[in-house]
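Following: one structure in structure tokens, then a few remarks.
The values are calculated or read from the model by the stated rules, or taken from the named source; none is laboratory data. Note that the structure is predicted; figures quoted are calculated from it, not measured. Glycine also receives a Cβ, built like all others from the backbone with ideal geometry; neighbour counts cover every protein chain displayed.
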Amino acid sequence: MICAIRIKGVIGVRSEAAETLERMRIRRKYACVVLHKTKENLGRVNKMKDFIAYGEISDDMFEKLIEARGKPLDKSKKIDAKKAVAEFKKGKTFEELNLKPFFRLHPPRKGISTKTHFPKGALGNHGEKINSLVERML
């Protein structure tokens, strides 16, 4: 599973990039999505590497993300984070799991450099270290 977090804001983004980010459902700064690892999603993520931070999210961190920031579509039903992670890995969508398909996060504690790429800054491929960035943003 790929976690993508939008780092750059909406001002001054060219229309092609804005449309791709819209299709990925990362509409605001510090919004996060978790995507299945498909050829199409990897292409989108790689195309937007100058606007987002992305990497391979662990199951534990995905579970924490759902518990802390997951919003239900139907507020009368409760969300079980462990069950949601297992079902998402099997191929279900967030709508089938009664979850909004994006997560709104806080700005990261201790700050980040938003103009340079990883490892000096926050943009681009973080690999497994995306988990520490998500932890700082919960």
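Scanning the stretch 90-138 for residues that are closer than 28 Å to D74 by Cα, touching a helix residue (DSSP H, G or I) at 6+ places or on another chain (Cβ under 8 Å) and of a type in the set (D, E, K, R) gives E96, R104, E135.
Taken over the stretch 38-75, the residue count meeting the criterion of being over 14 Å from C3 (Cα atoms), outside any helix (DSSP H, G or I) and touching a residue at least 60 places away in the same chain (Cβ under 8 Å) is 1. A Cβ distance below 6 Å, combined with a sequence gap of six or more or placement on separate chains, defines the contacts here; from the stretch 116-137, residues that are assigned to a helix (DSSP H, G or I) reach residues that are loosely packed, with under 14 Cβ neighbours inside 10 Å in the pairs R136/R109; M137/H106. When restricted to residues that are at pLDDT 90 or above, in a loop (DSSP other than H, G, I, E, B) and in contact with a Gly (Cβ under 9 Å, 6 or more places away or on another chain), the stretch 98-113 contains 1.
Can you find a residue in the stretch 98-109 that is farther than 14 Å from L138 by Cα, among the hydrophobic types (A, V, I, L, M, F, W, C) and in contact (Cβ under 8 Å) with a residue 12 or more places away in the chain?
The answer is yes; a qualifying residue exists.
If you check K92, K82, K78 for being farther than 20 Å from K29 by Cα, loosely packed, with under 11 Cβ neighbours inside 10 Å and free of Cβ contacts under 8 Å to residues at least 24 places away in the same chain, only one passes: K78. With respect to the conditions (1) under 16 Å from K129 (Cβ atoms); (2) within 15 Å of the chain's Cα centre (by Cα); (3) in a loop (DSSP other than H, G, I, E, B), A4 lacks only one, and its number is (3).
Does I52 meet the test of being aliphatic (A, V, I, L, M), at pLDDT 90 or above, crowded, with 17+ Cβ neighbours inside 10 Å and more than 11 Å from the chain's Cα centre (by Cα)?
no
The set of residues in the stretch 9-27 that are of a type in the set (K, R) and either crowded, with 21+ Cβ neighbours inside 10 Å or under 14 Å from K47 (Cα atoms) (or both) comprises R14, R23.
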